[in-house]
Amino acid sequence: RWPSLLKYYSHTDSVCWLEEYKARHNAGLEAQRIVASFSKRFFSEHVPCDGFSDIETLGCPSHFFEDELMCILNMEGRKGLTWKYYAKKILYFLRQQNILKNLKEYLQRPTDQQSFLEGAVLIDQYCNPLSDICLKSVQAQVDDITDKVRKVLRTKNPRHPSVASKAGEVLIPEVELQRQVLDAMNCVLYEQLKYKGNELDYYNSLNSYIHQVLIRRTGIPISLSVLYLTIARQLGVKLEPVNFPSHFLLRWCQGKEGSTDIFDYTYIDAFGKGKQLTVKECEYLIGHHVTEEFYGVVTSKEVLQRMVGNLLNLGKRESTDQSYQLLRDSLDLYLAMYPDNVQHLMLQARLYFHLGIWPEKVLDILQHIHTLDPSQHRAVGYLLQHTLDHIERRKEEVGPEVKHRSDEKHKEVCYSIGLIMKHKRYGYNCVIYGWDSPCMMGHEWIRNMNVHSLPHGPHQPFYNVLVEDGSCRYAAQENLEYNSEPREIPHPDIGRYFSEFSGTHYLANTELEIRYPEDLELTRATVQKIYSSGKE
């Protein structure tokens, strides 16, 4: 019944299968209970950090609980969207907590036991917790490339020590033999397998994830350098990471091992097809002179810091993802490595404040910042006061606002919840999940969005819509029309509001239906009228 659990058992184990079945069955019931409760508890806000407290104290094996969440996510068809939405959030949280624990254990090891590849995998896993990424699988793919390099090396020099050695612990002392390894690596990586730097789509976050680098065979300097360095070390060549500004490099010692003279090293550009550079050519690469300190070797923690820093910058650039998930994930990773970094703690507090989520968490962060750096009192005080105001306003909320279409003030509202619409001007497809009559935005928003240029201006119904590009928008009634070819809207928040896609429209979940009690019947009637071909 649950074949995915087989990996947790050994053929030599003595197992009472009846007890295992009962435990898995009970874990399933517990998972279903918690998932079902989330919509009611957190419909009107993001799931807060303390929202997962009952999950952290589970009375059942966590892998059984996760397996039930996966069963929910893998349910076939277009039903159970709300269950899938919250199951995904819970699974995301559970896996990230486990990965964060693994990262902290990794950072506590001696430096010589911190594999660069393992660190890259941990970052990848944390930012993609629902993907099937594991060190064993990534290492197997790297080993496969290493074996290809050995075959090339064998044709060039059958007596080369790296051909016979399967383990990479034995370093090759002769520079010429090392050069042969690097030449064979360049042949396999860049000529046979066609790896290359992603110049056309440099700022795509996929370039930073090691499993995607292996799938797509492209990346940025640091991700390609981690791959290149790992293969070289497995073949007995000790390359070292160099935190060069604007372009991550590797260095290869040509002189006495451990030399502090930067001219005793050749520098390798994994992004540039393994090109070997002198000190002067490194400066040409970035267009300016740098001091000697930038040619020095860095630790695995510093490599991870730069990888996470890249993701942080990408997270700040995001425009369509209004949840800023990448920025939140990369901040978590950075603060796991440097928990007392005031700059990033302040960024995290401002982000949560901006999103209007986790005000209690914001207070904790602000208290920590004040303890670390009292000079931040003005910025801390501003955020503190506004966060406390937010908490007080939330206490005063008496329940959801219910909108009845039969009210005279709503008589101009033409469209209803769940209808698939098209924007007349911009052409995007979307689904309605809320409406106001008239526009409820402030004067500044109305002015910035040039709403007064519309024939009916702000004095018409406006609709909250989930758009196919992942954004949420507020559209005027006169700009929307029925979509003649309704389709599913691939928006990450679709399950927050809807339980099912019927083929022509979305069905509101219980919480949304409470807020718009008269919309469901109108949506059905509208669909029957405009899609009379019998699709429904």
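The values are calculated or read from the model by the stated rules, or taken from the named source; none is laboratory data. It should be emphasised that the depicted structure is a prediction, and the values quoted were computed from it without experimental measurement. Note that we place each Cβ from the backbone using ideal geometry, even for glycine, and neighbour counts take in every protein chain shown. The area values use the complete protein model at the heavy-atom level, side chains included, leaving out ligands, DNA and RNA. Shrake-Rupley method; radii C 1.70, N 1.55, O 1.52, S 1.80 Å.
Against the list (1) modelled with pLDDT of 90 or more; (2) open to solvent by 10 Å² or more (accessible area, probe 1.4 Å); (3) in a loop (DSSP other than H, G, I, E, B), the condition residue 237 fails is (2).
Any residue at all in region 255-263 that is in contact with a strand residue (DSSP E or B) (Cβ under 7 Å, 6 or more places away or on another chain), surrounded by fewer than 21 Cβ atoms within 10 Å (Cβ to Cβ) and in a loop (DSSP other than H, G, I, E, B)? There is at least one residue in region 255-263 that is in contact with a strand residue (DSSP E or B) (Cβ under 7 Å, 6 or more places away or on another chain), surrounded by fewer than 21 Cβ atoms within 10 Å (Cβ to Cβ) and in a loop (DSSP other than H, G, I, E, B).
Looking across region 227-267 at every residue that is small (Gly, Ala, Ser) and farther than 17 Å from residue 298 by Cβ, the one that is farthest from the chain's Cα centre (by Cα) is identified as 255.
Yes or no: region 326-345 includes at least one residue that is of a type in the set (Phe, Trp, Tyr), surrounded by 15 or more Cβ atoms within 10 Å (Cβ to Cβ) and either assigned to a helix (DSSP H, G or I) or in contact with a Lys or Arg (Cβ under 8 Å, 6 or more places away or on another chain) (or both). Looking through region 326-345, at least one residue is of a type in the set (Phe, Trp, Tyr), surrounded by 15 or more Cβ atoms within 10 Å (Cβ to Cβ) and either assigned to a helix (DSSP H, G or I) or in contact with a Lys or Arg (Cβ under 8 Å, 6 or more places away or on another chain) (or both). Name the single residue that is farthest from residue 324 (Cα to Cα) among those in region 339-358 being out of contact with any helix residue (DSSP H, G or I) (no Cβ under 7 Å at 6 or more places or on another chain) and among the hydrophobic types (A, V, I, L, M, F, W, C). Ranking the qualifying residues of region 339-358, first place goes to 357.
Reported count of residues in region 121-148, each being open to solvent by 50 Å² or more (accessible area, probe 1.4 Å), within 18 Å of the chain's Cα centre (by Cα) and hydroxyl-bearing (Ser, Thr, Tyr), is 1.
Looking at 298, 303, 308, just one residue is in contact with a helix residue (DSSP H, G or I) (Cβ under 9 Å, 6 or more places away or on another chain), of a type in the set (A, V, I, L, M) and at pLDDT below 95, and that residue is 298. Answer yes or no as to whether residue 64 is modelled with pLDDT under 90 and farther than 22 Å from residue 121 by Cα. So residue 64 fails the test.
Of all the numbered requirements in (1) touching a Ser or Thr at 6+ places or on another chain (Cβ under 7 Å); (2) closer than 25 Å to residue 205 by Cβ, residue 81 misses one, and that requirement is (2). Do you know which residues across region 29-61 are surrounded by fewer than 20 Cβ atoms within 10 Å (Cβ to Cβ), hydroxyl-bearing (Ser, Thr, Tyr) and either modelled with pLDDT under 85 or within 17 Å of residue 96 (Cβ to Cβ) (or both)? Matches in region 29-61: 44, 53, 57.
Here's the yes/no breakdown for (1) more than 26 Å from residue 471 (Cβ to Cβ); (2) in contact (Cβ under 8 Å) with a residue 24 or more places away in the chain; (3) out of contact with any strand residue (DSSP E or B) (no Cβ under 9 Å at 6 or more places or on another chain); (4) not assigned by the TED database to the domain that holds residue 104:
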position: 316; (1), (2), (3), (4): no, no, yes, yes
position: 333; (1), (2), (3), (4): no, yes, yes, yes
position: 345; (1), (2), (3), (4): yes, yes, yes, yes
position: 349; (1), (2), (3), (4): no, yes, yes, yes
position: 357; (1), (2), (3), (4): no, yes, yes, yes
position: 364; (1), (2), (3), (4): yes, no, yes, yes
position: 372; (1), (2), (3), (4): yes, yes, yes, yes
position: 386; (1), (2), (3), (4): no, yes, yes, yes
position: 392; (1), (2), (3), (4): yes, no, yes, yes
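Taking region 400-519 as the region of interest, the helices (runs of 4 or more DSSP H) fully inside it that hold 2 or more residues being surrounded by 15 or more Cβ atoms within 10 Å (Cβ to Cβ) and under 29 Å from the mean Cα position of the chain (by Cα) are 494-497, 510-515.
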